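Chemist: Please see the structure below; I have some questions.
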Amino acid sequence: RIYRATKSGKYKKAKSLMYLLQNSYYASLLAVRTVTTDNKGKRTAGVDKVKAKTPKQKMALVKDLLDTIQRGWDKYRPKPARRVFIPKANGKLRPLGIPTIKDRALQAATKLALEPFYEAKFESCSYGFRPGMGCHDAIDKIAATLLRKQKWILDADIKGCFDNIDHSYLAMQIDTHWRPIIKRWLKAG
C-alpha cells in the first residue's frame, strides 16, 4: 500500500502508512526474525557481544525494539559498530562495521517502512541493491536494448563509491522523521 500510494502521488497517505508499519508489532517481529534467523550474520555480535538465539531472547528483542521506536528516535543513540576486516579477492582488506543486534533490528524495521516508498520513486532501469532485481534483470534489459538497435549502453563501476558517498546529500533525500537516526547509524559505523 505504501508503494501504490507513493506511485499515485499520495505522499501524505504513504507516510502515514510508513509510520503505522514502523510501529507495528508484526513489523518488529519480522525485523527481529530477519536479523536473528534469516540473515547470514545472525550469529555475529556487535560491540556489546549480545546475540539473540533463543525464542525468549528474540521476544525480548521485539519488546525492546517496540519500546525504542515508540519512545522516539530523538532519545535513541546507537552503539558504535564493531569493526572487522574482510579479505577481498585482490588481497586487500575491506572494512566492515557490525552493528549491535538491536541496531540491526531497528535498521531492518526502518527498511520495512522506507523501502516501498523509495522503490516507487527509483528509476526502473536501476538494478543494483534493489529487492527482486539483480544481474539477470540487467542482462535482460541489455539484450532487449540491443535488439532495439540502441546506439549506446553505459556500464559504470565507480571505484570506492560507497566509501565516498556524501552522507549529508543522501540524508536530505530521506524524510525528516527518519533522518536523525539514519545519520546516527552512519556515524556509528
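The values are calculated or read from the model by the stated rules, or taken from the named source; none is laboratory data. In this text the structure is predicted, and so the values were computed from the model without any measurement. Backbone-built Cβ (ideal geometry, glycine too); neighbour counts: all protein chains shown.
Per-residue answers, yes or no, for (1) of a type in the set (A, V, I, L, M); (2) at pLDDT 90 or above:
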site: 14; (1), (2): yes, yes
site: 22; (1), (2): no, yes
site: 26; (1), (2): no, yes
site: 50; (1), (2): yes, yes
site: 54; (1), (2): no, yes
site: 68; (1), (2): no, yes
site: 80; (1), (2): no, yes
site: 87; (1), (2): no, yes
site: 90; (1), (2): no, no
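Chemist: Filtering the stretch 52-72 down to residues that are polar (S, T, N, Q) and loosely packed, with under 14 Cβ neighbours inside 10 Å, which residue is farthest from the chain's Cα centre (by Cα)?
Modeler: So in the stretch 52-72, the residues polar (S, T, N, Q) come out as 54, 57, 68, 70.
Pick out the ones that are also loosely packed, with under 14 Cβ neighbours inside 10 Å and you get 54, 70.
Details: 54: 25, 70: 20 Å.
Of everything passing the filter in the stretch 52-72, 54 is farthest from the chain's Cα centre (by Cα).
Chemist: Looking only at the stretch 114-124, which residues are aliphatic (A, V, I, L, M) and within 10 Å of the chain's Cα centre (by Cα)? Full working, then the answer.
Modeler: Here is the first cut: in the stretch 114-124, the residues aliphatic (A, V, I, L, M) are 114, 120.
Passing the criteria: only 114.
Chemist: Pull out all pairs, ordered by first then second residue, where Cβ-Cβ is under 9 Å, the residues are six or more apart or on different chains, the first lies in the stretch 176-189 and is more than 17 Å from residue 48 (Cβ to Cβ), and the second is surrounded by 15 or more Cβ atoms within 10 Å (Cβ to Cβ) and of a type in the set (D, E, K, R).
Modeler: 177/15
Chemist: Would it be correct to say that residue 100 is within 30 Å of residue 10 (Cβ to Cβ), in contact (Cβ under 8 Å) with a residue 12 or more places away in the chain and β-branched (Val, Ile, Thr)?
Modeler: Considered against the rule, which asks whether it is within 30 Å of residue 10 (Cβ to Cβ), in contact (Cβ under 8 Å) with a residue 12 or more places away in the chain and β-branched (Val, Ile, Thr), residue 100 comes out as no.
Chemist: Criterion first (under 14 Å from the mean Cα position of the chain (by Cα) and farther than 30 Å from residue 63 by Cα) does residue 170 satisfy it?
Modeler: For residue 170, the condition - under 14 Å from the mean Cα position of the chain (by Cα) and farther than 30 Å from residue 63 by Cα - is met.
Chemist: Of all the residues that make up the stretch 1-36, how many are among the polar types (S, T, N, Q), in a helix (DSSP H, G or I) and farther than 17 Å from residue 57 by Cα?
Modeler: 3
Chemist: Here is a follow-up. At least 1 residues that are of a type in the set (Asp, Glu) and either modelled with pLDDT of 85 or more or surrounded by 15 or more Cβ atoms within 10 Å (Cβ to Cβ) (or both) in each: list the helices (runs of 4 or more DSSP H) lying fully within the stretch 99-189 that qualify. Write out each step before concluding.
Modeler: Numbers: elements: 101-119, 135-147, 161-164, 167-172, 179-188.
Because the criterion is at least 1 residues that are of a type in the set (Asp, Glu) and either modelled with pLDDT of 85 or more or surrounded by 15 or more Cβ atoms within 10 Å (Cβ to Cβ) (or both), the helices (runs of 4 or more DSSP H) in the stretch 99-189 that meet it are 101-119, 135-147.
Chemist: Can you tell me which residue within the stretch 56-97, out of those that are among the basic types (Lys, Arg) and in contact (Cβ under 8 Å) with a residue 24 or more places away in the chain, is nearest to residue 177 (Cα to Cα)? Spell out how you get there, then give the answer.
Modeler: Here is the first cut: in the stretch 56-97, the residues among the basic types (Lys, Arg) are 56, 58, 63, 71, 75, 77, 79, 82-83, 88, 92, 94.
Next, from what is left, pick out any that are in contact (Cβ under 8 Å) with a residue 24 or more places away in the chain: 58, 77, 79, 82-83.
Values: 58: 27, 77: 15, 79: 20, 82: 26, 83: 28 Å.
Taking the candidates together, the pick is 77.
Chemist: With the structure loaded, tell me whether residue 171 is closer than 30 Å to residue 64 by Cβ and touching a residue at least 40 places away in the same chain (Cβ under 8 Å) or whether it fails that test.
Modeler: no
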